[in-house]
Structure formats: C-alpha cells, structure tokens
1. When you scan the range 122-192 for strands (runs of 3 or more DSSP E) that lie fully inside it, which ones turn up with 3 or more residues that are open to solvent by 20 Å² or more (accessible area, probe 1.4 Å)?
2. One residue is enough: does the range 369-382 have a residue meeting the conditions under 21 Å from ALA316 (Cα atoms), in contact (Cβ under 8 Å) with a residue 12 or more places away in the chain and of a type in the set (A, V, I, L, M)?
3. Please go through the range 275-313 and give me each residue that is within 17 Å of SER189 (Cβ to Cβ) and either more than 32 Å from the chain's Cα centre (by Cα) or open to solvent by 60 Å² or more (accessible area, probe 1.4 Å) (or both), ordered by number.
4. Among residues belonging to the range 85-111 that are among the charged types (D, E, K, R) and touching a residue at least 60 places away in the same chain (Cβ under 8 Å), point out the one that is most open to solvent (accessible area, probe 1.4 Å).
5. Being assigned to a loop (DSSP other than H, G, I, E, B) and touching a helix residue (DSSP H, G or I) at 6+ places or on another chain (Cβ under 7 Å) is the filter; apply it to the range 69-84 and report the residue that is most open to solvent (accessible area, probe 1.4 Å).
6. Just a yes or no: is a residue in the range 212-231 touching a residue at least 60 places away in the same chain (Cβ under 8 Å), buried (at least 20 other Cβ atoms within 10 Å of the Cβ) and not in a helix (DSSP H, G or I)?
7. Considering only the range 89-121, state which residues are among the aliphatic types (A, V, I, L, M) and assigned to a helix (DSSP H, G or I).
Amino acid sequence: MNESLEAVYRDLHAHPELGMAEHRTAAIIAQLMTEAGLEVTTGVGGTGVVAVLRNNVDGDDGPVVGLRADMDALPILEQTGLDYASRATVRGDDGVEIPVMHACGHDMHVTCLVGAVQHLVACRHEWRGTVVAIFQPAEETLAGAQAMVVDGIADRFPRPEILLGQHVAPLPAGVVSLHSGTTLASVDSFDITFTGRGGHGSRPQTTIDPIVAASATVMRLQTVVAREVEPGTLAVVTVGTFHAGTKNNVIPATAKIGVNVRALDADTRAKVVGAIRRIASAEALASGMVVEPIFTIGESGDATVNDAVSTERLRARFAREFEPDGESGARTVLDIGAASGSEDVGELANAFGVPLVFWFFGGSDPQAFAAAVAAGRVDADVPSNHSPYFAPVIRPTIDAGVQYLTVAALEWLAPV
C-alpha cells in the first residue's frame, strides 16, 4: 500500500490541474475508489468526486463520518528540481501559457485520503458505519465547496455526524496541530481600478496619472493593520497584483491593483475592508480624479471554525495514539494557534449542518527544519505553501497523513 501511494503522489504532483479542470485527477481518484469497493459519484460540483464506504454490521448502519481533501493546483512555475516536478502548462484566457504546480499540497491531501480509505477498507472488520470521502475541486478559488453545495451534496449523500479534514504545512513531518474555535481567517479579494487621464510621458501636466494614485494607495494600505487594527488582533492586507501601462513614455488612463484581506473576526474584517475603500477613494480624490475607483469583488469566504468539543476529543485521541509512548510511533501533537490562511471546507460542514475539525500536519524534512530553527532561518529556508519550492517530503508525510485521517475517522466510527 505504501509503495502504491507513493506512486499515486508522484503522479499527481507531476500532473497538476487548476480548479474546475481536475479531470485527470478526478478520474484517478474515481478508479482507485472503485477498485477499493466504494460507491463512486463523479462530476459533483463540476469535477468533484464523492465516494461512499458502507460497513453495515448485523443490520446496524452505525455512524457516518465525512472525510474531505481538495484537489486543485496553482498557476506557479515549479522550481523544486525534483525528478517528479511538474512541467505542466495550460493556456489562459488571453492565450498565454501558464505554468501549473501543486504548490499547496493538495496532491498530498488526495493521496492521504485515498490511503485512509484503503486502510479503512482493509480493517473494516474492526468498525461499523459509513465513510463519505469528499474530493473537492477548486479550493484555491474558494469556488469548489460552494459548487458542491449547489450541486446538492448535502441531499445526495449520507449526512455525516462530523466533517474531518487536514492540510499539509511547513512543519516538521510527524507534527500535527489542532486548534479549537476559529482556526483559519476569512478572506476577501478584490481589484481596485483607478481611472485618470492618459497622455504623453513628456507632458504629465496634461494628464491625471493613475499609476501615482495606485502607488500611493499601495503604500498607504501598509498602515491599515499597523495603525487601525488593535495590536494583537490578526489581520493581513496584501497587494498581490499591479497592472498599468504599455510603454514607458505613455501615461496610461487606468491602473489596477489586486488586494487580499485576511481576518479572524467579523468586526476586524469589516473595519479593514472599509479602510481600504476609504484610502483608495481618498487617493483618487487627492490626484484630481473625477471618476471614483471601481471595486471588483473576487474570492470571498468566511473564517474556518473548528467545533471546540470535537477538536478537543480528537486531540485527546491523537495524543493517545501518536505521542512518543503511543503504539503508532513518535508523533507530536501541538496547537500552533489560528493561522492567517483561508479555506472553504467550512461551507461543506455548514451545508451538512455538522461540526468541523480541520488540522495541519507537517511535511518538511525534520532535520532540515531543525537546522533552520537553529540558524534562525525558518522563514527563509523552509518553503511554505504557495512557494515554487514547496515540496513535502514523501516519507514520513504520507504515512503520517494517512494515520491522522484513519485514526480521526475511527474516533467517530463505531467499534465492532
């Protein structure tokens, strides 16, 4: 099983697909789940796959547990140098080839869920109940969970008593972290378009330069968290794109910036978004623009909230199973606190109306991580998610990820 899972992971990593285009990935998952004896439904929410494992014992259906993994990759050029590195590209809407890479570990998530299901099939004599394995598309665009909800996932499949999921992170392999309550931030993405008056670069007095207004906005936005958010309250403002102009002696008529906001609570979220709107409008006015900036809303999602009772229940189970004196070998159970990243797994839990437990597990080489800690260079030397160098070590990451999902499922499935 371990060798076959490693082959699955290498294959998925070498052949990444963007959100709502995970056709090859979904076909592989469907085949593996069919071979494992599950009831498989494809095309859920576009490219999603739902596989149901029923294990009725003596007429007792038992509890239902949902396990979720995301499938999509990112438009990033891989620079890991691995022999199974992605060389995939896709053609964008503008006709330009875009590199594609599994830079967030979704290939690892799929592999671990496949392995957990295979293990639960192999030990089905030890438990009773139903497992609903959800392979979700398009997490990176925060569209996949909603698409599955709209497609009726909550009505078409057994309703779980709990939804469980995990995410590989730049922690040492063998480390798992659970946090009760709000564990991931909300996210709001939008473009801001400044409309000025274009003209010749040699006669700026005849223009209203949108690049200057947009640049001033970018710099002023750096003060929002520092000066308008209470110290100690998590909030992040990132300007990830800036598009303007076609030639260095032409002042363009428009400039566009792409802004991303993260927050852990609704009040901070509203305050930060409001400040961004205020600053952009004020900078446009200061530049003499007669057209208000245009805000185009992109991805948006609420914070991910773990059910406190269920999280602490699972933490206790992990501690029994995985701490150094446990039977399953040395694993470390931590609580690294809430993270500023975002997820849409909560939409699935909300659609089913059930509690969620979502945790992080390490994928970094433990020795390399320890060396980075000793040198004070973790941020520089340990590639994080969305980095072109992000590549979880295959072992023991797969083994640990399979164990976490399997043990978590067994905590809620009924023993025989």
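The values are calculated or read from the model by the stated rules, or taken from the named source; none is laboratory data. Everything numeric in this text was worked out from a predicted model, so none of it was measured. All Cβ positions, even for glycine, are placed from backbone atoms using ideal geometry, and neighbour counts span all protein chains on display. Just so you know, the surface numbers come from the protein's heavy atoms only, side chains and all, with ligands and any DNA or RNA stripped out. Shrake-Rupley method; radii C 1.70, N 1.55, O 1.52, S 1.80 Å.
1. Details: elements: 127-136, 162-172, 175-177, 181-184.
Result: 162-172.
2. No, the range 369-382 has no match at all.
3. ARG277, ILE294, THR296, ILE297, GLU299, ASP302, listed by residue number.
4. Among those that are among the charged types (D, E, K, R) and touching a residue at least 60 places away in the same chain (Cβ under 8 Å), it is ARG87.
5. First, pick out the residues of the range 69-84 that are assigned to a loop (DSSP other than H, G, I, E, B): 71-73, 75-84.
Narrowing further to those that are touching a helix residue (DSSP H, G or I) at 6+ places or on another chain (Cβ under 7 Å): 71-73, 84.
Details: MET71: 2, ASP72: 3, ALA73: 5, TYR84: 26 Å².
Checked the range 69-84; the qualifying residue most open to solvent (accessible area, probe 1.4 Å) is TYR84.
6. Within the range 212-231 (the criterion being touching a residue at least 60 places away in the same chain (Cβ under 8 Å), buried (at least 20 other Cβ atoms within 10 Å of the Cβ) and not in a helix (DSSP H, G or I)), the answer is no, since none of the residues qualifies.
7. MET108, VAL110, LEU113, VAL114, ALA116, VAL117, LEU120, VAL121
Listed here are the residues, each with its yes/no results for (1) more than 18 Å from ASP151 (Cβ to Cβ); (2) touching a Lys or Arg at 6+ places or on another chain (Cβ under 9 Å); (3) not in a loop (DSSP other than H, G, I, E, B).
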| site | (1), (2), (3) |
| --- | --- |
| ALA26 | no, no, yes |
| VAL40 | no, no, yes |
| VAL50 | no, yes, yes |
| VAL65 | yes, no, yes |
